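What follows is a set of notes on a single structure, which appears directly below.
The values are calculated or read from the model by the stated rules, or taken from the named source; none is laboratory data. This is a predicted model, so every value here is computed, not measured. Cβ sites come from the backbone with ideal geometry, for glycine too, and all protein chains shown count toward neighbours.
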Amino acid sequence: MKKWFIVAILLIFIGSCIGYYFNTAGGDIAVKDVRFAGKDGKILSGLLYIPSNAANATPAPAVLGMHGYINSRETQDAFAIEFARRGYVFLAMDMTGHGYSDQILGDGSRGVEDGIKYIRNLPFVDHNNIGLEGHSMGGYSTSDAAVRNQDKINTLILVSSASEMRGGPQITGDAKFNFAVVFGERDEFTRFMYGVNRARDIGSVAKLKVAFNTTDDVVLGKLYGSFADKTARQWFMPSATHPGAHLSKEAIGDVIQFMQGSIAPPRRLDSGDQIWQWKEFGNALIFIGLIVFMGTIARWLIHLSYFKDLIHPMPATNAKMNANWWIGALIGTVIPAASLFKFQNWGNGWIPHNWFWPQAMTNGVVVWDLMNGLIGLVLFAVWYHFIYQADVTRKQTSSNLVNGGQ
């Protein structure tokens, strides 16, 4: 037990050192947990990555990154690390109603517009060179902020996302910011966002052609317009899924490539020069270490006199993975997935955000969880009374007949 405890501590310590080293690029980047006031005095949260080149005397360009639906600021880690390594200040925000950010109703930018104001007021940021990057719903949010703040931003990059979603604005060829779409070849939301079955066909979609100021199908990889006059447009299709874009060297490289073309980096590095994977490796070691640690502590606790009565031999079982088992497993898998959006929307309506439960999104997830728990109890009761009890009765009857025959 002592040996595994030491192994757990070493894994956590080594993983923490690796994670810290690569998250800060060897100490070159300062990472700060920040809070700032948004609309109506609501508090918004973010992780601010400040490279050593950014100073009041030498302000650096900045990028604001926004995560997607039911995520948090940490999902932007890879983008934050790589942009900060290249000398950009990077603000990874918690979307309103997510993470540590308060809910703000009626804000189509979901906090991005307030984030832009915050960045522009930082003395070490060049407020003439600010870019936006948003994943999924974060793309809807950054699109809304970009269209309404064209005089304040230089670049907009949508990752696994699209314009004109959930009441969002149209992006046209006249929009005065450089614009790129990085949409994965295996993205699961292709039809939802673009109305076509394959990601490679989104170049034929009207809203992309309008944004690229062309009547012909948009050509994958072709650079339209000019970075200099903020008419640059480009479509990338990395080999990635929707959530996989966060951990795709290709997708992250496409974002870096376009941003470096649009806003000159203080330190130009090849888009394929990436180290964020090592930070994730450090996180994996920590995760494994925590599992080993909890297992070790559990084994230690169970052998204390206080818990000794909990120790019993493993009972024999005749359980089989028969048809009933597989049917139950299928039902238990399908219902939570199929009910997510419906139950969450119900929860958002039943428990609106308030001072005690300030995040409507989280309230909806809790209601989804509780509803599935209730469904599980009902299904268990049905199984117990109509299947299990019937099986027990059948076996007893069979046994009685055999014994009676003897």
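Details
- Exclusive hit being under 30 Å from Ser101 (Cα atoms), of a type in the set (Phe, Trp, Tyr), at pLDDT 85 or above and assigned to a helix (DSSP H, G or I), set Phe343, Phe307: Phe343
- Flag for Thr296 being surrounded by 14 or more Cβ atoms within 10 Å (Cβ to Cβ), hydroxyl-bearing (Ser, Thr, Tyr) and on the phi < 0 side of the Ramachandran plot: yes
- Checked against the criteria, Tyr224 counts as among the hydroxyl-bearing types (Ser, Thr, Tyr) and crowded, with 17+ Cβ neighbours inside 10 Å.
- Pick from region 36-54, criterion more than 23 Å from Tyr21 (Cβ to Cβ) and not charged (D, E, K, R), ranking: surrounded by the most Cβ atoms within 10 Å (Cβ to Cβ): Leu44
Here's the yes/no breakdown for (1) under 22 Å from Asn71 (Cβ atoms); (2) part of a helix (DSSP H, G or I); (3) polar (S, T, N, Q):
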residue: Ile331; (1), (2), (3): no, yes, no
residue: Ala337; (1), (2), (3): yes, yes, no
residue: His353; (1), (2), (3): yes, no, no
residue: Trp357; (1), (2), (3): yes, no, no
residue: Gly376; (1), (2), (3): no, yes, no
residue: Phe380; (1), (2), (3): no, yes, no
residue: His385; (1), (2), (3): no, yes, no
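- Of residues in region 129-184 being within 22 Å of the chain's Cα centre (by Cα) and among the charged types (D, E, K, R), the one surrounded by the fewest Cβ atoms within 10 Å (Cβ to Cβ): Arg166
- Cβ pairs under 7 Å, 6+ apart, first in region 134-151 and in the same structural domain as Ala80 (by TED's automatic domain parsing) and farther than 14 Å from Glu164 by Cβ, second among the hydroxyl-bearing types (Ser, Thr, Tyr) and surrounded by fewer than 24 Cβ atoms within 10 Å (Cβ to Cβ): Ser136/Tyr69
- All conditions but one from (1) modelled with pLDDT of 85 or more; (2) exposed (fewer than 14 other Cβ atoms within 10 Å of the Cβ) apply to Thr317; the one that does not is (1).
Every residue, every condition in (1) at pLDDT below 95; (2) within 23 Å of Gly261 (Cα to Cα), yes or no:
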residue: Phe5; (1), (2): yes, no
residue: Leu11; (1), (2): no, no
residue: Gly27; (1), (2): no, no
residue: Ala37; (1), (2): no, no
residue: Pro59; (1), (2): no, yes
residue: Asn71; (1), (2): yes, no
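- Leu132 vs. criteria under 22 Å from Leu44 (Cα atoms), out of contact with any Pro (no Cβ under 8 Å at 6 or more places or on another chain) and in a loop (DSSP other than H, G, I, E, B): no
- Residues considered: Phe258, Phe281, Phe341, Phe293. Of these, the only one that is farther than 21 Å from His246 by Cβ and in contact (Cβ under 8 Å) with a residue 24 or more places away in the chain is Phe293.
- Test for Ile286: is it assigned to a helix (DSSP H, G or I), more than 25 Å from the chain's Cα centre (by Cα) and surrounded by 11 or more Cβ atoms within 10 Å (Cβ to Cβ): no
- Checked against (1) more than 18 Å from the chain's Cα centre (by Cα); (2) not in a loop (DSSP other than H, G, I, E, B), Asp229 passes all but condition (2).
- Residues of region 299-314 satisfying the condition of being farther than 17 Å from Lys2 by Cα and exposed (fewer than 10 other Cβ atoms within 10 Å of the Cβ): Ser305, Tyr306, Lys308, Asp309, Leu310, Ile311, His312, Pro313, Met314
- For region 73-131, the set of residues classified as of a type in the set (Phe, Trp, Tyr) and modelled with pLDDT under 95 consists of Tyr100 only.
This table checks each residue for (1) within 16 Å of Gly134 (Cα to Cα); (2) of a type in the set (Asp, Glu).
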{"position": "Tyr194", "(1), (2)": "no, no"}
{"position": "Ala199", "(1), (2)": "no, no"}
{"position": "Ala211", "(1), (2)": "no, no"}
{"position": "Leu223", "(1), (2)": "no, no"}
{"position": "Phe227", "(1), (2)": "no, no"}
{"position": "Pro243", "(1), (2)": "yes, no"}
{"position": "Asp254", "(1), (2)": "yes, yes"}
{"position": "Gln260", "(1), (2)": "no, no"}
